[in-house]
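Everything on this sheet refers to the single structure shown next.
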Amino acid sequence: MCLKESDQVSCQDKQLILDEHNSIRQKISFGEIQGLPSAANMRELTWDDELADMAQNWATKCAEIRDPFRHIRGFYVEQNMLKTISSTQFNDLPDWRQAIYNWFNEVQYKGGISHYNQLFWANSYLIGCGFTYYFDAGHGYIKNYVCNYAPGDNVDGHLPYEQGQPACSNYKMTSSSRFKGLCSAGTNNYLGTRC
């Protein structure tokens, strides 16, 4: 049970989450990740407050499993979760960069659906995340990270993206203005001017 609920994800952390995810997706798009082919249709992620509210609500429940009720606006939603645990108290601030790279580093483990798959599922273009820090008598001090992605059609056995050089116009999209190689449907993901 959570004994402390954290605030919503800060505007600066929202931008960091977007930048880290989109940087990884950009590297995949150009074939810069060893063992992964380049992607022709990798979409740029944009922040979605509804997904973030869902993620924050789930993070503050301190659940051990993924939220089973993940749908918004007709989309199925994929979810990544991470808990970092310490027997001694550590600062209660999130380290989003480390959480995202922990998910991404699962790429070395082949087989089945994994957290890293959602990081580069090409059709996903919305993201929202939540965080809480709490103490659990059975485990210790816990940082609980949750990110939701939509649309989430992360299906075992299906390729997460179309292989090939970035070709956004072939998929009725334009190239991202901030992340070369990523495709955009015209949404602006840069929150820096609003933080």
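The values are calculated or read from the model by the stated rules, or taken from the named source; none is laboratory data. Just so it is clear, the model here is predicted, and its values are computed rather than measured. Virtual Cβ from ideal backbone geometry, glycine too; neighbours counted across all protein chains shown.
Here is how the numbers come out for the structure above:
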item	result
Identity of the residue in the stretch 68-92, over 25 Å from ALA185 (Cβ atoms) and without any contact (Cβ under 8 Å) to a residue 24 or more places away in the chain, that ends up surrounded by the most Cβ atoms within 10 Å (Cβ to Cβ)	ASN91
Lone qualifier among GLU44, GLU32 - being under 25 Å from THR174 (Cβ atoms), modelled with pLDDT of 85 or more and within 13 Å of the chain's Cα centre (by Cα)	GLU44
Among (1) closer than 18 Å to ASN41 by Cα; (2) at pLDDT 90 or above - the single one PHE120 does not satisfy	(2)
When residues of the stretch 23-46 are limited to those that are among the aliphatic types (A, V, I, L, M), touching a strand residue (DSSP E or B) at 6+ places or on another chain (Cβ under 9 Å) and part of a loop (DSSP other than H, G, I, E, B), the one surrounded by the fewest Cβ atoms within 10 Å (Cβ to Cβ)	ALA40
Leading residue by the ranking (modelled with the highest pLDDT) among those in the stretch 47-83 that are of a type outside the set (Lys, Arg), in a loop (DSSP other than H, G, I, E, B) and farther than 30 Å from ALA167 by Cα	THR60
Residue identified as in contact (Cβ under 8 Å) with a residue 40 or more places away in the chain, charged (D, E, K, R) and loosely packed, with under 13 Cβ neighbours inside 10 Å among ASP53, ASP49, ASP13	ASP49
